[in-house]
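For reference, the structure discussed in these notes is given below.
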Amino acid sequence: MTTRAGRAVRRQFGRMFAIGLTVVTASALTGTAAHATPSAKPVPTPAFGSNVTIFDPSMPVEQIQAKLDATWTKQVDNEMGTDRYAFYFKPGTYGTDTKPLQFKVGYYTEIAGLGASPNDVVINGKVEVYNRCTADGGTSNCLALVNFWRTLSNLSIKVNNFGQTDGCKATTNFWAVSQAVSLRRVNVNGPFSLMDYCGPGPQYASGGFIADSQFGDVTNGSQQQWLTRNSKVGNWSNAVWNQVFAGVEGAPSEDSFPGTPYTTLAKTPVSREKPYLFVDPNGKWNVRVPSAQKNSSGVSWGAGLTPGRTIPLSDFYIAKPSDPTWLINANLLLGKNLFLSPGVYNIDQSLNVLWPNQVVLGSGHATLTAVNGATPLKVADVPGAIVAGVTIDAGLKESKTLLQVGSKRGLGFSSAANPTTLSDVYFRVGGPHVGKTDTALEVNSDNVLIDHTWVWRADHGVEGFTDTQRWNTNTGRYGAVINGDNVTATGLFVEHFQKYNTVWNGDKGTTVLYQNELPYDPPTQADWMNGTVEGYAGYKVGDKVKTHNLYGAGVYVFNQNNPSIHTENGFEVPNRPGVKLHHIMTVNLSAGTIDHVVNGVGGPADTSVIGVPVFVTDYPTP
């Protein structure tokens, strides 16, 4: 029975919805242009908080260098810490030929230019990530396998090694990283390497993601998997297991697969570049929100300003970690966009993105941590909503989900031309603290774009657990569950969940690069059973799905807790012509067995072929 009070509440909500929709629509249609009439009044710097540093080209190089070096020293080993940092460079050139700006990027650090184009900010020097040496006092076991959580975007690098004494490292710009690291809108002039091949080994790396960027020569080296999307490359050196290119000018051919495991799509089916901050010629702060594209290739900025809309930063609520959840939610409800300053936010009730075209933009790997079983972020069934640059952590009490896009009983408003978009959104279950969730990412809306995510149930952390303890304490059953139709994922990384890592129930879905590691820690085979089937596939397409496309995918096994454990299939899909898997593989990392690649097809990935992929070029066979 509906009460008079209930009707009044709904009427009031309806009025607020109409007001918010008007605000958001007006912002979308009348946003500030990138180049406006100069203003005589100086524009104050926004109150981003103490963990955001803004550099100006008039600052001495030594001052900038000292600030960046001090933060790297603090963050280089701070894998599970709570510090978050963003460094923004106003338009101009930083460093000279004889006094270059050469710095390294540590955990939870964002480096970004503030120009309308990547060419507006030039780093004359190097921006790098090196291997971490984790044994014998930092002198051995040097690798990049846990170089996570850092961002580089919207600038140019003129690679300059002047003054470097290490001859090996002086030859190129090193970016030795793994998951949850993105390179976007970067223009590199000079050699660039995705591994650090200098010094002791094993030098492994396990990234990664590039979008909307331009390079000359790229050394892939030991990178196990990588997605390069909508970019331009002069030369790409090699491949290891799973190298995927979509809409990349100069990409290598896939004709020799699996001899050289390249997967190359001439066009990206659906893409949208990540929103970015920029300062216009008047000194006004804005956020550029790129438009969605279909069947696109190359960089978005080659012919001028990236197509899209400009929102003045004044249309954003700039949140700080100390803000109460209700205050952030109130601003979202009123139609404000949300800018999350760097830090860790304890979220005890869901933040709700309710309006079409509403933007949530995180800075410096801003992190939302679930409190008391809350779902930290929910996005309504509306077109064009964007969540970008946000990390979401499970908390001590189990959350049903960590990010929910749309409701299973929602109204289903969506747009193929203006998809809801998740860009550089990362998830953690465990790691810095105990975490529990049933499902990390649940997508119920149609027409959603997932553009680079790492959904991670931690295989290591500060908790001090054994693998058996972790299995029963850091609990996450499903990584990504996709129920909506017409959902596209470009760069889907999902690891270590206790049932299906990815379940794709929606029709007409597409994934371009999928990377998965099965859980390391099932104690016994009985703990890793799907009914009468041994284990859960790393990628499951629902039995009712009629159309699905997967390009370039790998499922890895490392049952270090019990090497005798078997998983029947790496991939499990309905066997029908509309469900197509192109360039898939399984690989054994040194323990356990995946018996088949997909649906009983493909040989075992067992300890007789450690590190050697078992490939299936196409399923079903054409």
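No value in this document is a laboratory result; all are computed from the given coordinates. Treat the numbers as computed from the prediction; the structure is a model and nothing was measured. In this analysis, Cβ positions are derived from the backbone assuming ideal geometry, glycine residues included, and neighbour counts consider all displayed protein chains.
Note on the chain: dipole from Cβ charges, positive end direction compared against Q349, G208, P42; the farthest Cα belongs to P42. Distances between placed amide hydrogens fall under 5 Å for N447 paired with D485, N486, V487, all partners being 5 or more residues away or on another chain.
Sorting V240, V122 from the fewest to the most surrounding beta carbons within 10 angstrom yields V240, V122.
Residue order for L313, L101, L518, L396, fewest other beta carbons within 10 angstrom first, comes to L396, L313, L101, L518.
For a distance above 19 Å, tell me the whole-number percent of Cα pairs in the range 544-622 that qualify. I get 34 percent for the Cα pairs in the range 544-622 exceeding 19 Å. Under the criterion of Cα pairs below 8 Å and six or more residues apart, the relative contact order for the range 106-152 equals 46 percent. Remark on the range 382-470: hydrodynamic radius 14.1 angstrom, per the Kirkwood mean of 1/r across alpha carbon pairs. Which trypsin sites (Lys or Arg not before Pro) in the range 406-490 pass both tests, a DSSP loop state and at most 13 other beta-carbon atoms within 10 Å? Answer by residue number: K408, R409.
For the range 75-133, the Stokes-Einstein estimate of translational diffusion at 20 °C and a viscosity of 1.002 mPa s comes to 167 µm²/s, using the Kirkwood hydrodynamic radius over alpha-carbon pairs. In terms of its Cα atoms, the chain spans 78, 71, 48 Å along the principal axes, sorted from long to short. Note that the range 52-266 shows a convex hull volume over its alpha carbon atoms of 113 Å³ per residue. Charge dipole of the chain (Cα centre as origin; +1 on each Lys and Arg Cβ, -1 on each Asp and Glu Cβ, all else neutral): 2340 debye, rounded to the nearest 20.
Can you give me the Cα centroid spacing of the range 181-236 and the range 241-307 in angstrom? First find each Cα centre; the distance between them is then 15 Å.
The C-alpha radius of gyration of the range 154-226, expressed as a fraction of 2.2 N^0.38 Å, stands at 1.09. Along its principal axes, the range 316-543 has C-alpha extents of 51, 40, 28 angstrom, given from the largest down.
The ellipsoid equivalent to the alpha-carbon distribution of the range 263-388 has semi-axes of 28, 18, 13 angstrom, derived from the gyration tensor eigenvalues as √(5λ) and listed largest first. Charged side chains reduced to their Cβ positions (Lys and Arg at +1, Asp and Glu at -1) give the range 316-543 a dipole of some 520 debye around its Cα centre.
In this simple spin-label model, placing a label point 7 Å from the Cα along the Cα-to-Cβ direction at both N530 and N235 gives a separation of 4.4 nm. When every Cα-Cα distance of the range 279-349 is counted in 10 angstrom steps from zero, the calculated P(r) takes the values 16, 36, 28, 18, 2 percent. With the charge dipole of the chain set up from +1 on Lys and Arg Cβ and -1 on Asp and Glu Cβ about the Cα centre, the Cα lying farthest toward the positive end among the listed residues G389, T228, A330 is that of A330. Electrostatic bookkeeping for V614 treats Lys and Arg as +1 and Asp and Glu as -1; over the other residues with beta carbon under 11 Å from its beta carbon, the sum is -2.
Sorted fewest first by neighbouring Cβ atoms within 10 angstrom, H583, H452 come out as H583, H452. For the chain, the share of DSSP beta bridges that are antiparallel, to the nearest 5, is 15%. Return the FRET efficiency for the residue pair M80, S291: r is the Cβ-Cβ distance, R0 is 35 Å, and the value is rounded to the nearest 0.05. With a Förster radius of 35 Å, E is 0.40. All other residues with a Cβ under 12 Å from the Cβ of K90 taken together, and with Lys, Arg as +1 and Asp, Glu as -1, what is their net charge? Local net charge: -3. Local charge sum around I565 (other residues, Cβ-Cβ under 9 Å, Lys/Arg +1, Asp/Glu -1)? In short, -2.
Put a plus charge on the Cβ of each Lys and Arg, a minus charge on the Cβ of each Asp and Glu, and nothing anywhere else: the dipole of the range 544-622 about its Cα centre is then about 360 debye. Short-range pairs are left out: with C-alpha atoms under 8 Å and at least six residues apart, the relative contact order of the chain is 8 percent.
In sequence order, the range 480-496 has phi-based couplings of 10, 10, 10, 9, x, 8, 6, 9, 10, 10, 10, x, 10, 10, 9, 9, 6 Hz under the Karplus curve 6.51 cos²θ - 1.76 cosθ + 1.60, θ = phi - 60°, and Gly or Pro positions carry x.
Of the complete DSSP H runs in the chain, those spanning 24 angstrom or more by Cα along the long axis with a mean Kyte-Doolittle score not below -0.5 are 4-30.
Per-residue ellipticity at 222 nm computed for the chain from its helices equals -3000 deg cm²/dmol, with DSSP H segments shorter than 4 residues left out and the rest contributing -39,500 (n - 2.57). Normalised radius of gyration (Cα atoms, divided by 2.2 N^0.38 Å) for the range 85-205: 1.05.
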